[in-house]
Amino acid sequence: MNQAYTRCTDGDKPASAEPPQNRPTPSAILVRGMPQILHGAPVQAKILQDLKPRIQRLDRPPGLAVVLVGHDPASQIYVRSKIKACRELGIHSDSHELPANVTTEELLTLVHVLNERPGIDGILVQMPLPKHVDSRRVLEAVAADKDADGFHPTNVGYLVAGRPAPRSCTPAGIIELLKFYEIQIAGRNAVVLGRSDIVGKPMALMLLHENATVTICHSKTENLPEMCRRADLLVAAIGRAAFVTADFISPGATVIDVGINRITDPAEAARLGRAEEYAIKGKVVVGDVHPVDVVHAAGSYTPVPGGVGPLTIAMLMSNTVELAERHLETASHLESPKGAR
């Protein structure tokens with residue numbers, strides 16, 4: 001990867017999308033030569049709005065514990081966004097900021113304490129952790145029934161089996177986005193470019209559960225552009241800025257761009273059609289899909305920033321509320337007198 005590329009957070013506010021009732025169909029857009037832009041903000045707003053009556057019906061506020069290690073600026077921004085979303089919804093947030101030199105054992109101790117706290121329904125350990133910390137041990141130490149991120153092996157197994165459980169937030173948000181914009185999933189050829197445990201693998205499983213025919217591509221896939229061109233629905237989550245160019249995209253396909261990459265090289269920004277933005281900001285943010293090529297090739301696509309990014313936090317809130325509902329239902333059954341129905 002070019003050294004000018006660094007990871008960052010999708011924190012910019014997207015432009016507002018057309019209201020659903022006024023939104024033209026993909027076929028109508030193609031006739032006039034304009035792709036449909038799948039903004040994440042209205043989908044996020046609907047998800048959060050739908051959570052409010054569920055929260056009001058609970059006997060207590062849902063509780064989310066967020067663990068942040070070190071002082072990574074992108075992680076700090078993301079954590080603040082999560083806490084802000086909790087506050088606006090009436091979810092109790094419990095923030096734990098630890099120094100960068102924290103040990104794995106110290107972090108495990110905190111996770112175990114949070115596992116035992118009855119008012120905490122979800123636990124999120126902000127990634128990435130420092131290199132000296134065993135991230136796998138920490139993530140797997142989070143109780144499966146408090147796994148707000150949907151990363152625990154038990155919950156991944158439930159996803160495979162199609163059983164209810166917390167879902168990995170970004171892929172779950174993408175499914176909600178596709179449904180919101182009435183993008184057909186069932187029966188379509190879907191290609192997921194990337195095989196990470198956080199996005200690629202759960203994305204493929206969720207699309208399969210929606211009756212898509214799914215192919216996973218990765219760095220070792222031969223004839224990669226040709227494989228991607230077979231997709232009616234292409235999800236790019238490979239972590240390389242503007243890697244997916246026009247020769248990866250079937251004309252009229254739906255393209256979901258999960259990548260978030262900061263470009264600090266002015267020549268590269270110009271090559272990607274973002275010279276004016278770079279001149280103003282001194283940097284630009286692009287996804288894994290070439291921002292110029294996608295406009296000319298796709299029938300619909302998510303912008304970067306402002307596409308998939310807003311949905312990750314929304315689905316974290318959704319997972320937290322669902323976990324609270326289960327915990328309170330279980331507590332209610334335990335408190336009921338024997339023989340009560």
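Residues in region 280-292 that are in a loop (DSSP other than H, G, I, E, B) and over 21 Å from the mean Cα position of the chain (by Cα) were compared, and the one that is surrounded by the fewest Cβ atoms within 10 Å (Cβ to Cβ) is Gly282.
Scanning region 141-153 for residues that are within 15 Å of Asp197 (Cβ to Cβ) and in a helix (DSSP H, G or I) yields a single hit, Pro153.
Taking the listed residues Val156, Val111, Val138, Val160, the one that is part of a helix (DSSP H, G or I), under 19 Å from the mean Cα position of the chain (by Cα), over 19 Å from Ser318 (Cα atoms) and not small (Gly, Ala, Ser) is Val160, with no other qualifying.
The residue list Leu89, Leu139, Leu110 contains one member that is surrounded by 15 or more Cβ atoms within 10 Å (Cβ to Cβ) and touching a helix residue (DSSP H, G or I) at 6+ places or on another chain (Cβ under 7 Å), which is Leu89.
Somewhere in region 68-91, is a residue at pLDDT below 95 and in contact with a Lys or Arg (Cβ under 9 Å, 6 or more places away or on another chain)? Yes, some residue in region 68-91 is at pLDDT below 95 and in contact with a Lys or Arg (Cβ under 9 Å, 6 or more places away or on another chain). If I go through region 165-190 residue by residue, how many of them are in contact with a Phe, Trp or Tyr (Cβ under 9 Å, 6 or more places away or on another chain) and either hydrophobic (A, V, I, L, M, F, W, C) or part of a helix (DSSP H, G or I) (or both)? The qualifying residues number 1. Residue pairs, Cβ under 7 Å, 6 or more apart or interchain, first in region 254-273 and under 25 Å from Leu38 (Cβ atoms), second among the charged types (D, E, K, R) and not in a strand (DSSP E or B). List them. These pairs meet every condition: Thr254/Asp232; Asp257/Asp288; Val258/Asp288; Gly259/Asp288; Ile260/Asp10; Arg262/Lys283; Ile263/Lys283.
Scan region 255-273 for residues that are buried (at least 24 other Cβ atoms within 10 Å of the Cβ) and in a loop (DSSP other than H, G, I, E, B) and report the count. So the count comes out to 2.
Conditions (1) within 22 Å of the chain's Cα centre (by Cα); (2) among the aliphatic types (A, V, I, L, M); (3) buried (at least 23 other Cβ atoms within 10 Å of the Cβ), marked per residue:
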position: Ala253; (1), (2), (3): yes, yes, yes
position: Ala275; (1), (2), (3): no, yes, no
position: Tyr278; (1), (2), (3): no, no, no
position: Val294; (1), (2), (3): yes, yes, yes
position: Leu334; (1), (2), (3): no, yes, no
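The values are calculated or read from the model by the stated rules, or taken from the named source; none is laboratory data. Worth saying up front: this structure is predicted, and the values here are computed from it rather than measured. We place every Cβ from the backbone using ideal geometry, glycine too, and count neighbours over all the protein chains shown.
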